[in-house]
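Q: One structure, as structure tokens, below. Some questions next.
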Amino acid sequence: MLLVLVILATLAAIVYPKVMGRSEQARVTAAQTQIANFKTALDAFEVDNGYYPKGKNGLQDLVQQPRDATSWHGPYLESIPRDPWQNDYIYECPGKHNPSSYDIYSLGSPGADSPIGNWQTQKR
């Protein structure tokens, strides 16, 4: 019986990190996909209005028409999703990485080394 428990504990010690690593990679992939969806919506907003959303409303302008958007043809998104770690995406316009447009990113998992952002998925 003790031998069975030792074998199970050893297998768990081997398998658990691999499963958790895949789970984290799945979250990163989901964040990259959501960022690509934001890009599509933001680019459509810019085509219609001639500018990217700015100010404190930022991404909310994709869901509700801002007062100054006379050519708004949205909503461009049904709602603003949270990232896979249940945090808000960060939107900056103009962006630090994309000064002629915007940055949108997730900080990723707690303790992550770097954010997951649109500057990593494409270059403008």
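The values are calculated or read from the model by the stated rules, or taken from the named source; none is laboratory data. Remember, it's a predicted structure, so these values are computed and weren't measured experimentally. Here the Cβ is made from the backbone with ideal geometry for all residues, glycine too, and neighbour counts use every protein chain on show.
Q: Looking at the range 66-97, which of its residues are acidic (Asp, Glu) and touching a residue at least 40 places away in the same chain (Cβ under 8 Å)?
A: Asp83, the sole residue that qualifies.
Q: Within the range 48-70, can one find any residue that is among the hydrophobic types (A, V, I, L, M, F, W, C), at pLDDT 95 or above and either outside any helix (DSSP H, G or I) or touching a Gly at 6+ places or on another chain (Cβ under 7 Å) (or both)?
A: yes
Q: Let me ask another. Out of curiosity, is Glu46 over 21 Å from Ala31 (Cα atoms) and not aromatic (Phe, Trp, Tyr)?
A: Answer is yes for this residue.
Q: Run Ile90 past the list (1) farther than 20 Å from Gln34 by Cβ; (2) surrounded by 15 or more Cβ atoms within 10 Å (Cβ to Cβ) and report the number of the one that doesn't hold.
A: (1)
Q: Which of the residues belonging to the range 81-124 are out of contact with any strand residue (DSSP E or B) (no Cβ under 7 Å at 6 or more places or on another chain) and hydroxyl-bearing (Ser, Thr, Tyr)?
A: Ser100, Ser101, Ser109, Ser114, Thr121 - these are the residues of the range 81-124 that are out of contact with any strand residue (DSSP E or B) (no Cβ under 7 Å at 6 or more places or on another chain) and hydroxyl-bearing (Ser, Thr, Tyr).
Q: Any idea which residue in the range 71-124 is farthest from Gln60 (Cα to Cα), counting only those that are hydrophobic (A, V, I, L, M, F, W, C) and assigned to a loop (DSSP other than H, G, I, E, B)?
A: The extreme case among them is Ala112.
Q: On to the next question. Among (1) under 12 Å from the mean Cα position of the chain (by Cα); (2) more than 24 Å from Val28 (Cβ to Cβ), there is one condition Gly108 misses while meeting the rest; what is its number?
A: Of (1) under 12 Å from the mean Cα position of the chain (by Cα); (2) more than 24 Å from Val28 (Cβ to Cβ), only one is false for Gly108: (2).
Q: I've got another one for you. Return yes when Ala36 is of a type outside the set (Val, Ile, Thr) and closer than 18 Å to Trp119 by Cβ and no when it is not.
A: Considered against the rule, which asks whether it is of a type outside the set (Val, Ile, Thr) and closer than 18 Å to Trp119 by Cβ, Ala36 comes out as yes.
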